[in-house]
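To keep things clear, I will list the structure first and then write my remarks on it.
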Amino acid sequence: MSEQDVTPNQTGQTGLLGQVTGLDDQYYMNVYGRRQPLCVVSGEGAWLTGSDGKRYLDLIGGIAVSVLGHAHPRLVQAICEQAGRVIHCSNYFYNEPQARLAERLAVLSGLDGARVFIGNSGAEANEAAIKLARAYFHHQGAPRARIVSALKSFHGRTLATATATGQDKYSAPFAPLPTGFVHVPYNDIAALEQAVDQNTCAVLLEVIQGESGVIMADPVYLKTAEALCRQTGARLIIDEIQTGMGRTGRFLAYEHAGLRPDIVTLAKGLAGGVPIGAMIANEETAAGFKPGDHGTTFGGNPLACAAALAVLDTYAQDQLVERAASVGAALKRQLLDLAERQPAIAEVRGLGLMLGIGLNVPGAQAVKASLLKQGFLVGSVGDTTIRLLPPLIVASADLSLFVRAFGETIAELAH
Ligand SMILES: Cc1ncc(COP(=O)(O)O)c(C=O)c1O
């Protein structure tokens with residue numbers, strides 16, 4: 001290490017972490033407000049290694065992305081093999097991984113005559129869904145603009161998806177915003193009934209609101225949304241960007257409620273960390289896009305699609321959806337047991353490996369910081385929710401290690 005390496009930067013960090021935080025402070029756009037003193041250099045399974053050489057159990061999984069953990073041999077092999085053949089060829093031409101992935105997702109969605117569009121992120125998938133719903137009515141000569149979504153939802157950061165997001169902080173700085181978006185309180189059936197009529201273009205909902213703290217939809221609410229869409233012709237869009245890919249113990253979380261949406265969006269874990277997003281629509285709705293209506297340069301390229309196919313093959317081989325259900329249920333039980341002994345824990349919410357631990361007293365940030373020091377990476381929402389979105393391959397023994405450390409940390413919080 002050179003002299004320069006050990007000179008603390010403005011934040012007092014030394015070594016590679018000091019260099020990286022120094023560069024980030026100076027050159028990276030200041031949008032993340034990053035404060036956690038960790039620079040990731042590698043990973044294996046559910047564990048990440050920092051520039052300090054320390055190992056961290058990754059219980060946030062790159063925000064629900066690293067479903068196979070890190071450096072999964074099958075995913076690495078698929079990416080390397082595809083990179084050695086062709087990474088990108090544009091959508092002027094066909095490519096086999098894209099066609100095979102479209103088939104897999106169409107079947108997995110369970111939608112009638114499903115068709116798939118592949119982009120690069122969750123926001124793009126939702127943007128495509130909103131455009132498709134509008135185009136569906138436009139091409140019928142009876143345009144409808146209104147998109148109804150829920151308060152406290154999160155749908156992305158493009159202008160339309162930030163506007164659909166039911167939290168002002170994500171859209172207010174970017175006014176004027178696209179028109180036609182209305183928000184209703186989540187799980188409020190009467191409000192939904194009032195908002196949805198013959199002029200409604202689409203209802204856009206998450207099955208569990210992840211970004212606002214793992215808030216679950218009542219299945220009756222979701223079925224009401226579906227019925228209202230059937231009555232009025234509005235398209236039902238279910239955003240499975242965080243809940244999909246088996247995270248809740250079913251491949252798509254809407255399966256728990258027996259829903260049949262018109263459009264479903266996926267991203268996050270679909271390609272195990274390679275950027276990708278998918279918008280899947282039933283045959284009737286998909287007819288709303290004509291050639292030229294939508295497209296992308298990168299979306300659906302052979303590399304991302306080969307990665308997604310490797311992820312889906314691994315899911316099938318290792319039964320990872322079933323694993324998320326059983327390992328998640330066991331983790332929830334352990335956390336509920338802990339809650340009985342630790343009054344600082346108010347509740348444990350969520351399904352499968354998508355869990356939120358609600359605290360009775362503010363302290364989530366302090367708990368997160370303490371767990372980081374102990375080698376556990378967790379997420380937080382505000383100061384009263386700890387959020388867990390671990391890889392679906394996480395070992396039960398590692399989760400038990402976490403529960404013990406979390407119990408000790410939360411006990412300190414109560415003092
Ligand atoms: C439910 C939901 N929708 C959409 C998005 C946006 O996805 P991306 O960040 O890939 O654009 C997210 C991201 O957190 C999400 O959780």
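Restricting the search to segment 179-230, which residues are of a type in the set (G, A, S), assigned to a loop (DSSP other than H, G, I, E, B) and over 23 Å from H138 (Cβ atoms)?
Residues of segment 179-230 of a type in the set (G, A, S): 180, 190-191, 195, 202, 210, 212-213, 217, 225, 227.
Right, trim to assigned to a loop (DSSP other than H, G, I, E, B) and you get 180, 210, 212-213, 217.
Hits for segment 179-230 are G210, S212, G213, A217.
Answer with yes or no whether G53 is within 16 Å of the ligand (Cβ to nearest atom) and at pLDDT 95 or above. Walk me through it before giving the result.
Values: within 16 Å of the ligand (Cβ to nearest atom): no; at pLDDT 95 or above: yes.
No; evaluated as a whole, the condition is false for this residue.
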Output for segment 131-178, where each listed residue is more than 13 Å from the ligand (Cβ to nearest atom), among the hydrophobic types (A, V, I, L, M, F, W, C), in contact (Cβ under 8 Å) with a residue 40 or more places away in the chain and not in a helix (DSSP H, G or I): A145, I147, V148
Failed condition for L16, given (1) over 24 Å from the mean Cα position of the chain (by Cα); (2) of a type outside the set (S, T, Y); (3) assigned to a loop (DSSP other than H, G, I, E, B): (3)
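Over 25 Å from L320 (Cα atoms), surrounded by fewer than 24 Cβ atoms within 10 Å (Cβ to Cβ), in contact (Cβ under 8 Å) with a residue 12 or more places away in the chain and assigned by TED's automatic domain parsing to the domain that holds G141: is that true of G258 in this structure?
On the way: over 25 Å from L320 (Cα atoms): no; surrounded by fewer than 24 Cβ atoms within 10 Å (Cβ to Cβ): yes; in contact (Cβ under 8 Å) with a residue 12 or more places away in the chain: yes; assigned by TED's automatic domain parsing to the domain that holds G141: yes.
Spelling it out, it is not the case that G258 is over 25 Å from L320 (Cα atoms), surrounded by fewer than 24 Cβ atoms within 10 Å (Cβ to Cβ), in contact (Cβ under 8 Å) with a residue 12 or more places away in the chain and assigned by TED's automatic domain parsing to the domain that holds G141.
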Among the residues that make up segment 227-238, is at least one of them in contact (Cβ under 8 Å) with a residue 24 or more places away in the chain, away from the ligand (no atom under 16 Å from the Cβ), under 16 Å from the mean Cα position of the chain (by Cα) and assigned by TED's automatic domain parsing to the domain that holds A145? no
Got a number for residues in segment 9-39 being in contact with an Asp or Glu (Cβ under 9 Å, 6 or more places away or on another chain) and within 19 Å of L59 (Cβ to Cβ)? 4
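For segment 58-80, name all the residues that are more than 16 Å from the ligand (Cβ to nearest atom) and either farther than 24 Å from R250 by Cα or surrounded by fewer than 16 Cβ atoms within 10 Å (Cβ to Cβ) (or both). Explain how you work it out, then say what you get.
Applying the first criterion (more than 16 Å from the ligand (Cβ to nearest atom)) to segment 58-80 yields 58-59, 68-80.
Matches in segment 58-80: A71, P73, R74, V76, Q77, A78, I79, C80.
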Return the residue satisfying two criteria in turn: it lies in segment 107-130 and is within 18 Å of the chain's Cα centre (by Cα) and of a type in the set (D, E, K, R), and of such residues it is farthest from the ligand (Cβ to nearest atom). E127
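Filter segment 256-297 for residues that are within 28 Å of P390 (Cβ to Cβ) and part of a loop (DSSP other than H, G, I, E, B); which is nearest to the ligand (Cβ to nearest atom)? Steps first, answer last, please.
Of segment 256-297, the ones within 28 Å of P390 (Cβ to Cβ) are 256-259, 261, 264-280.
This time we only want the ones that are part of a loop (DSSP other than H, G, I, E, B), so: 258-259, 261, 267, 273, 275-276.
On the way: G258: 21, L259: 16, P261: 14, A267: 5, G273: 12, P275: 8, I276: 9 Å.
In this case the residue turns out to be A267.
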Go through (1) touching a residue at least 60 places away in the same chain (Cβ under 8 Å); (2) out of contact with any Lys or Arg (no Cβ under 8 Å at 6 or more places or on another chain); (3) among the acidic types (D, E) for D313 and report which single condition fails. (2)
Qualifying residue in segment 241-249 (condition: over 12 Å from the mean Cα position of the chain (by Cα) and either within 16 Å of the ligand (Cβ to nearest atom) or closer than 18 Å to A286 by Cβ (or both)): no
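The values are calculated or read from the model by the stated rules, or taken from the named source; none is laboratory data. Computed from a predicted model, the values in this text were never measured in an experiment. Quick reminder, even Gly has a Cβ in these numbers, built from the backbone with ideal geometry, and neighbours come from all protein chains shown.
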